[in-house]
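Trainee: Dropping the structure in here first, questions after.
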Amino acid sequence: MITLSNVSKTYGQGDSAVEALKPLDLHVPEGTIYGVIGLSGAGKSTLIRCVNLLERPTSGSVSVDGQELTTLSGTMLNQARHRIGMIFQHFNLLDSRTVFANVALPLELMGVPRREIRQRVTPLLELVGLSDKTDQYPAQLSGGQKQRVAIARALASKPKVLLCDEATSALDPQTTGSILALLQEINRSLGLTILLITHEMEVVKRICHRVGLISAGDLVEEAEVGDFFTAP
Ligand code: ADP
Ligand code: ADP
């Protein structure tokens with residue numbers, strides 16, 4: 001579902017150049033929850049941002065759902081991005097919009113008619129357990145509830161892939177557990193492929209099928225989660 005081939009990323013040029021990612025390959029099969037783990041500065045964020053081209057890789061190719069992305073730009077790239085949802089550590093909600101309006105935003109931008117927007121947003125808010133918060137503003141919500149809104153928004157365009165950038169790092173352990181359970185439910189019920197990055201082993205242990213270890217911009221180890229944690 002996601003295939004990175006020979007992807008590298010260098011920020012800046014000359015003396016100030018930082019090689020954030022060495023040329024690496026990564027494959028995430030359809031329906032998998034894949035976790036990339038590593039220390040701060042290892043290149044996790046750069047890696048996940050290369051998948052939807054929030055960062056342009058310096059080299060290599062990125063294929064999502066059978067489509068090569070690095071050759072796309074403008075409208076074509078925007079359309080391809082509808083198949084890739086993303087959530088973030090700090091939720092990135094719009095404070096001036098209600099819960100409903102935050103989730104509706106990507107659909108408005110896609111030009112979906114009002115009536116259809118309502119038909120799509122309502123079940124998404126049900127799915128994330130926020131049907132009773134529709135008209136509230138982000139400031140009125142807990143961290144876990146904000147991330148639920150962000151998950152509903154990420155699902156609005158019916159993506160095939162969900163990218164999670166340290167999605168539980170700002171949450172307490174109990175709330176982390178409930179968000180991980182929701183991601184697992186979405187993976188199971190919608191068949192969504194999930195790529196997440198985290199610095200927390202516990203996140204990988206709890207929901208991931210496969211894990212990749214990134215260190216100094218290199219994918220140094222890869223395994224099924226069961227094998228990774230029982231290795232001698
Ligand atoms: P992680 O997510 O694992 O903490 P990052 O991908 O954020 O790692 O960073 C990898 C390396 O790239 C670090 O050395 C970081 O300082 C550097 N880096 C990240 N973003 C930029 C940027 N926009 N400009 C220059 N260097 C960057
Ligand atoms: P908090 O940040 O306050 O701990 P949570 O993110 O755990 O909140 O939950 C937010 C709301 O979603 C709560 O009202 C909770 O009852 C509800 N909820 C929790 N888990 C689920 C679930 N798996 N499905 C549907 N609703 C849920």
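The values are calculated or read from the model by the stated rules, or taken from the named source; none is laboratory data. All figures in this text were calculated on a predicted structure; none of them were measured in a lab. Virtual Cβ from ideal backbone geometry, glycine too; neighbours counted across all protein chains shown. For accessibility, only protein heavy atoms count, side chains too; no ligands or nucleic acids. Shrake-Rupley method; radii C 1.70, N 1.55, O 1.52, S 1.80 Å.
Trainee: Among DSSP bridges having both ends in the stretch 77-232, what percentage is antiparallel? Round to the nearest 5. Show your work: numbers first, answer last.
Mentor: Numbers: 6 of 16 bridges.
The answer is about 40 percent antiparallel.
Trainee: Relative contact order for the stretch 125-192: what is it in percent, counting Cα pairs under 8 Å that are at least 6 residues apart?
Mentor: Relative contact order, the stretch 125-192: 32 percent.
Trainee: Run the accessible area of the stretch 49-144 with a 1.4 Å probe and give the carbon-and-sulfur part as a rounded percent.
Mentor: Heavy-atom surface of the stretch 49-144 belonging to carbon and sulfur, 1.4 Å probe: 49 percent.
Trainee: Using +1 on the beta carbon of Lys and Arg, -1 on that of Asp and Glu, and nothing else charged, what's the dipole of the chain about the Cα centre, debye to 20?
Mentor: Using only the charged Cβ atoms, the result is roughly 840 debye.
Trainee: Based on DSSP H runs of at least 4 residues, each adding -39500 (n - 2.57), what is the mean residue ellipticity at 222 nm of the chain after dividing by all its residues, to the nearest 500 deg cm²/dmol?
Mentor: When only DSSP H runs of four or more count, the value is -11000 deg cm²/dmol.
Trainee: Which one, Gly177, Pro123, Val99, is farthest towards the positive end of the dipole of the stretch 86-180 when Lys and Arg carry +1 and Asp and Glu -1 on their Cβ?
Mentor: Going by the charge dipole, the pick is Pro123.
Trainee: Using DSSP to define loop residues, name the GluC sites (Glu not before Pro) in the stretch 7-90 whose beta-carbon has at most 16 other beta-carbon atoms within 10 Å.
Mentor: Here the sparse-neighbourhood loop sites are Glu30.
Trainee: On a full-extension model of 0.36 nm per residue, what is the gain between Ser59 and Gln174, subtracting their alpha-carbon distance, rounded to one decimal in nm? Could you put the intermediate results ahead of the total?
Mentor: Working: separation 115, 0.36 × 115 = 41.40 nm, distance 4.01 nm.
Here the answer is 37.4 nm.
Trainee: Going toward the positive end of the dipole of the chain, with +1 on Lys and Arg Cβ and -1 on Asp and Glu Cβ, which of Leu109, Ile194, Pro159 do you reach last?
Mentor: Leu109
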